[in-house]
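J.: Before I ask anything, here is the structure I am working with.
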Amino acid sequence: MTLMDGNLDDLEIKIVQALQKDARKSFKSIAADLDVSEGTISNRVNRLIQKDILRLEARINPFNLTNKVAALLGVNLDRRSHNEAVREIKKLSNVNAVWVTTGKYDIFVEVLADSINDLNDFIFSGGLSKIENITSTETHIMLHSDTKFFKIREG
């Protein structure tokens, strides 16, 4: 049985690495490469997905598009209401990810906007301005990344 101790075993690590290189690679091909059955690969992947350890998604590289602005916002709250704030922030259409953190900021919010004006509206007149308990934000525009890909949100 896998994941008994809350860690990935060697086979699961190899499966994830194979999918990271090519998420479209067939389970049959991965199984052949790892010298196990296709059913073993399918069972392991499904179990990792069910346990919310693995997610297979399509994402875009905003740095190769002319009409997208990626930003990371540090957010501070006036009281420790992280769960409520995260729940509300995650509902906003431009939000790609939210992290509760230690350090200078209470929360980091990853945003993908259609323009600087759209980002400005998100911060000051729409989105974040409607969330209670936010005392301050600091916005960092992402200029380039070879590793960061974003979801396109509905709405």
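Just so it is clear, none of the values below were taken in a lab; they were calculated from the coordinates. The structure displayed is predicted, hence computed values, not measured ones. Here Cβ is always computed from backbone atoms with ideal geometry, including for glycine, and neighbour counts include all displayed protein chains.
J.: Quick one: the Cα spread of the chain along its three principal axes, in angstroms, biggest first?
T.: 55, 38, 27
J.: Let me confirm the definition first: pairs of Lys residues in the chain, 8 or more apart or on different chains, C-alpha distance under 18 Å. How many are there?
T.: 10
J.: Assuming R0 = 30 Å, what is the FRET efficiency of His144 and Arg47, from their Cβ-Cβ distance, to the nearest 0.05?
T.: On the way: r = 36 Å, r/R0 = 1.20.
FRET efficiency, His144 to Arg47: 0.25.
J.: In nm, to one decimal, how far is the Leu11 label point from the Thr66 one, both placed 7 Å along Cα→Cβ?
T.: Output for this residue pair reads 5.0 nm.
J.: How big is the C-alpha Rg of the stretch 62-141 next to the rule-of-thumb value 2.2 N^0.38 Å, as a ratio?
T.: Values: Rg = 12.1 Å, N = 80, 2.2 N^0.38 = 11.6 Å.
Rg over 2.2 N^0.38 Å, computed on Cα atoms: 1.04.
J.: In percent, what relative contact order does the chain have, based on Cα pairs under 8 Å that are 6 or more apart in sequence? Let's see the in-between values first.
T.: Values: 193 pairs, mean separation 38.6, N = 155.
Contact order relative to length: 25 percent.
J.: Let me ask something additional. Work from the charge dipole of the stretch 18-73 (Cβ charges, +1 for Lys and Arg, -1 for Asp and Glu, about the Cα centre) and give the residue of Ala32, Leu65, Val45 farthest towards its positive end.
T.: Of the options given, the answer is Leu65.
J.: Normalise the Debye intensity by I(0) for the stretch 8-64, one equal point scatterer per Cα, no solvent, then take log10 at q = 0.18, 0.28, 0.31 Å⁻¹ and round to two decimals.
T.: -0.59, -1.25, -1.46
J.: At 7 Å along Cα-to-Cβ for each site, give me the label-to-label distance between His82 and Asp114 in nm.
T.: Simple spin-label model gives 3.4 nm for this pair.
J.: Would you mind pulling out the separation of the Cα centroids of the stretch 88-155 and the stretch 68-83, in Å?
T.: Using only Cα atoms to place each centre, the spacing works out to 7 Å.
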